[in-house]
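Structure first, commentary second.
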Amino acid sequence: MNYGAIKNCDIANGTGVRVSLFVSGCRNHCKGCFQPETWDFCYGKPFTEDTANYIIDLMAPDYINGLTILGGDPFEPENQKALLPFLKKVRNLYPQKNIWMYTGYTWEQLTTVGQRVCTAETKDILGLIDILVDGPFIQEKKNLRLKFRGSENQRIIDVKGRRHDDNIGEHLQVV
């Protein structure tokens, strides 16, 4: 897996002050994407053990609320394989900090067996994160007043609160 950027002290991609990892690779190719360079799986630098440890060190201060992973798309199957062991390590070291993930795929695509993005790693990843922002960016539904999402079709899902419930029902709106 490659990544395009790591941001420390990010306040735009989740609640509080966060460390954000922008992974490379996305097959959605949303019209109006704010980072089309990240569609390329080879964009940026390789995500190595040193990269993972760097992010873990950035998360250490008390003022860091958590980690956000976006892209590209972290739920591309190639990215899931690399992210699962990293997320396990983050969750183990920082159980009190939350993890947000952004994806252009929907919860239903991620949890339906037979969908390309529903892999052997998907359920475990969903079990490690707290918040999932799902759905493709749709330029015609763009709304700059929305918090933590770009278009009105995207949902902010409280995965942690629904870990024991495969039917997410209503999605959480973060105000």
message: What pairs come out if I take residues in segment 15-31 that are under 17 Å from Pro61 (Cα atoms) and pair them with residues that are part of a strand (DSSP E or B) and among the basic types (Lys, Arg) whose C-beta lies under 6 Å away, six or more apart or interchain?
response: Ser20/Lys7
Matching option when the condition is closer than 16 Å to Leu21 by Cβ and touching a residue at least 60 places away in the same chain (Cβ under 8 Å), among Lys142, Lys97, Lys81: Lys81
message: Condition first: touching a Gly at 6+ places or on another chain (Cβ under 7 Å) and either of a type in the set (Asp, Glu) or over 15 Å from Gly14 (Cα atoms) (or both). Now tell me which residues in segment 139-153 satisfy that.
response: Gln139, Lys142, Asn153
field: From Lys89, Lys81, Lys123, residue being out of contact with any helix residue (DSSP H, G or I) (no Cβ under 9 Å at 6 or more places or on another chain) and part of a helix (DSSP H, G or I)
entry: Lys81
- prompt: So, of the residues in segment 92-116 that are in a loop (DSSP other than H, G, I, E, B) and hydroxyl-bearing (Ser, Thr, Tyr), which turns out to be farthest from Glu49 (Cα to Cα)?
  reply: Thr112
- request: Scan segment 126-150 residue by residue and report those that are charged (D, E, K, R) and outside any loop (DSSP other than H, G, I, E, B).
  value: Asp134, Glu140, Lys141, Lys142
- line: Within segment 8-44, residues more than 19 Å from Gln96 (Cβ to Cβ) and either in contact with a His (Cβ under 7 Å, 6 or more places away or on another chain) or of a type in the set (Gly, Ala, Ser) (or both) come out as Ala12, Ser24, Gly25, Gly32, Trp39, Gly44
Failed item in (1) modelled with pLDDT of 95 or more; (2) in a loop (DSSP other than H, G, I, E, B); (3) over 15 Å from the mean Cα position of the chain (by Cα), with Tyr54 passing the rest: (2)
query: List, please: which pairs have Cβ atoms under 6 Å, are six or more places apart or on different chains, and start with a residue in segment 110-122 that is within 18 Å of Pro85 (Cα to Cα) and end with one that is polar (S, T, N, Q) and assigned to a loop (DSSP other than H, G, I, E, B)?
result: Cys118/Thr112
query: So how many residues does segment 8-51 have that are assigned to a strand (DSSP E or B), buried (at least 16 other Cβ atoms within 10 Å of the Cβ) and in contact with a Lys or Arg (Cβ under 9 Å, 6 or more places away or on another chain)?
result: 6
query: Can Leu128 be described as under 18 Å from Ile157 (Cα atoms), under 15 Å from the mean Cα position of the chain (by Cα) and surrounded by 14 or more Cβ atoms within 10 Å (Cβ to Cβ)?
result: yes
field: Matching residues in segment 57-75 - criterion: being in a strand (DSSP E or B) and not hydrophobic (A, V, I, L, M, F, W, C)
entry: Asn65, Gly66, Thr68
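The values are calculated or read from the model by the stated rules, or taken from the named source; none is laboratory data. Predicted, not measured: the structure shown is a model, and the values here were computed from it. Neighbour counts run over all protein chains shown; Cβ positions are idealised from the backbone, glycine included.
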